[in-house]
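Colleague: The structure's right below; bear with me while I get my questions together.
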Amino acid sequence: MEFLDPDLDKYIEAHTEPENELLYKINRETHTEVLKPRMLSGHLQGRVLSMLAHMIQPENILEIGTYTGYSALCMAEGLKDKGKLITIDVNEELAERVKEYFQSSEFSNKIELKIGKALDIIPTLNKNWDMVFIDADKSNYLNYYQLCVEQVRKGGYILVDNVLWSGKVLEKNRKKLDKDTESMLKFNEFVQQDDRVQNVLFPIRDGLMILRKK
């Protein structure tokens, strides 16, 4: 679902900082060589993630859902000098491609890719997160959130992608209530009532929820 006029989308991107050469390459190769390229954060959201990371100036970032590494590289731009970004993905087939992208970037020593189930890996990470980005399987969004929120420092941030779910969060935009849509609705309602965080939902791309831990 397109939430904005396509011409307005083009205008917005034309007046947003452009991708660097590596991000442009990942964007292009993902769309031509990888399944489900819609999962890529892309130009506008990538610049939003970079801007937020620069504002937060995190020392520790956790990303749940790496895909082809685009969003991780965007967030790494805002890391402190000795900062670290850990990104988790279950897809072993994309691992070598993603590692090559990371190695060819200026952040190769700041990003660590972990392959496996995030629900198993997160509890083993002894970190106090400044910034978390959740963009993985929708059925576990609430589980990921519950695992992470206690590890996030006071004043830290959790960013969650796809919270509008192609508009299917509204009943008029869906034919039936599928499991992923139901999971997204439950997540949105839970964080809306969670007094541990302050939240705002931005209509960026497919919806970006930003939560600040009180």
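The values are calculated or read from the model by the stated rules, or taken from the named source; none is laboratory data. Keep in mind it's a predicted model, so treat the numbers as computed, not measured. Using ideal geometry, Cβ is built from the backbone for each residue, glycine included, and neighbour counts are taken over all protein chains shown. Calculation scope for accessible area: heavy atoms of the full protein, side chains included, ligands and nucleic acids excluded. Shrake-Rupley method; radii C 1.70, N 1.55, O 1.52, S 1.80 Å.
Colleague: Rounded if a/c is under 1.5, else prolate if a/b beats b/c, else oblate: with a ≥ b ≥ c from the C-alpha gyration tensor eigenvalues square-rooted, which is the stretch 4-53? Please report the intermediate quantities before stating the final value.
Modeller: Values: a/c = 1.79, a/b = 1.28, b/c = 1.40.
Note, shape of the stretch 4-53 comes out oblate.
Colleague: Here's a follow-up. Under a 1.4 Å probe, what is the accessible area of the stretch 46-104 per residue, stated in Å²? Walk me through the intermediate numbers first.
Modeller: Values: 2480 Å² over 59 residues.
Per residue, the stretch 46-104 has 42 Å² of solvent-accessible surface.
Colleague: Which three semi-axes in whole Å describe the equivalent ellipsoid of the stretch 79-118, each the square root of 5 times a Cα gyration tensor eigenvalue, listed largest first? Walk me through the numbers before you get to the answer.
Modeller: Numbers: eigenvalues 74, 34, 4 Å².
After scaling each eigenvalue by five and taking roots: 19, 13, 4 Å.
Colleague: Same structure again: For the stretch 129-214, place one equal point scatterer on every Cα, skip the solvent, and apply the Debye formula. What is log10 of I(q)/I(0) at q = 0.13, 0.19 Å⁻¹?
Modeller: Debye intensities relative to I(0), on a log10 scale: -0.38, -0.79.
Colleague: Please state the shape class of the stretch 1-110: rounded when a/c is under 1.5, otherwise prolate if a/b exceeds b/c and oblate if not, all from the C-alpha gyration tensor. Please report the intermediate quantities before stating the final value.
Modeller: Numbers: a/c = 1.85, a/b = 1.21, b/c = 1.53.
Verdict is oblate for the stretch 1-110.
Colleague: A further question on this structure: Could you state the number of Å between the C-alpha centres of the stretch 152-174 and the stretch 122-141?
Modeller: What the calculation gives is 15 Å, centre to centre.
Colleague: With a 1.4 Å probe and all protein chains left in place, how much of the accessible area of the stretch 60-214 comes from carbon and sulfur atoms, in whole percent?
Modeller: Values: 3480 of 7560 Å².
That share works out to 46 percent.
Colleague: Can you give me the relative contact order of the stretch 85-126 as a percent, contacts being Cα pairs under 8 Å and 6 or more apart? Walk me through the numbers on the way to the answer.
Modeller: Working: 34 pairs, mean separation 24.6, N = 42.
It rounds to 59 percent for the stretch 85-126.
Colleague: Quick check on packing: order 136-147, 87-98 by the mean number of other C-beta atoms within 10 Å, highest mean leading. Numbers along the way, then the final one.
Modeller: Numbers: 136-147: 18.9, 87-98: 16.9.
The packing order, highest mean first, is 136-147, 87-98.
Colleague: In whole Hz and in residue order, list the ³J(HN,Hα) couplings for the stretch 207-214 that follow from phi through the Karplus curve 6.51 cos²θ - 1.76 cosθ + 1.60, θ = phi - 60°; x for Gly and Pro.
Modeller: With coefficients 6.51, -1.76 and 1.60, one gets x, 10, 8, 10, 10, 10, 6, 6 Hz.
Colleague: Report, in deg cm²/dmol and to the nearest 500, the calculated mean residue ellipticity at 222 nm for the chain, where each DSSP H run with n ≥ 4 adds -39500 (n - 2.57) and the sum is divided by the residue count. Please report the intermediate quantities before stating the final value.
Modeller: Values: 8 runs with 81 residues, N = 214.
Mean residue ellipticity, 222 nm, calculated: -11000 deg cm²/dmol.
Colleague: Right, something else. Taking only complete DSSP H runs, can you tell me which helices of the chain stretch 20 Å or more along their own long axis by Cα positions and average at least 0.0 on the Kyte-Doolittle scale?
Modeller: Values: long enough: 42-56 (21 Å, 0.65); 179-193 (21 Å, -0.99).
Length and hydropathy pass: 42-56.
Colleague: Now a separate question. The stretch 78-174: Rg/Rh from Cα coordinates, Kirkwood Rh? List each step's numbers first, then the result.
Modeller: On the way: Rg = 15.3 Å, Rh = 15.2 Å.
Radius of gyration over Kirkwood radius for the stretch 78-174 works out to 1.00.
Colleague: Then there's this: Could you compute how much accessible surface residue 196 exposes when probed at 1.4 Å, giving the result in Å² to the nearest 10?
Modeller: Surface accessible to solvent at residue 196 totals approximately 70 Å².
Colleague: Counting heavy atoms of the protein chains only and a 1.4 Å probe, report the per residue accessible area for the stretch 1-43 as a whole number of Å². List each step's numbers first, then the result.
Modeller: Numbers: 3330 Å² over 43 residues.
Result: 77 Å² per residue.
Colleague: Here is the link list: 36/138; 114/213; 138/168; 82/117; 80/114. Which ones come out longer than 18 Å on Cα distance? Kindly include the intermediate steps, with their values, before the conclusion.
Modeller: Numbers: 36/138 15 Å; 114/213 25 Å; 138/168 13 Å; 82/117 27 Å; 80/114 21 Å.
Over 18 Å apart, Cα to Cα: 114/213; 82/117; 80/114.
Colleague: Let me ask something else. With all distinct Cα pairs included, what does the Kirkwood hydrodynamic radius of the chain come out to in Å, to one decimal, could you say? Don't skip to the end; give the middle numbers.
Modeller: On the way: mean 1/r = 0.0569 Å⁻¹.
Over the chain, the inverse of the mean reciprocal pair distance is 17.6 Å.
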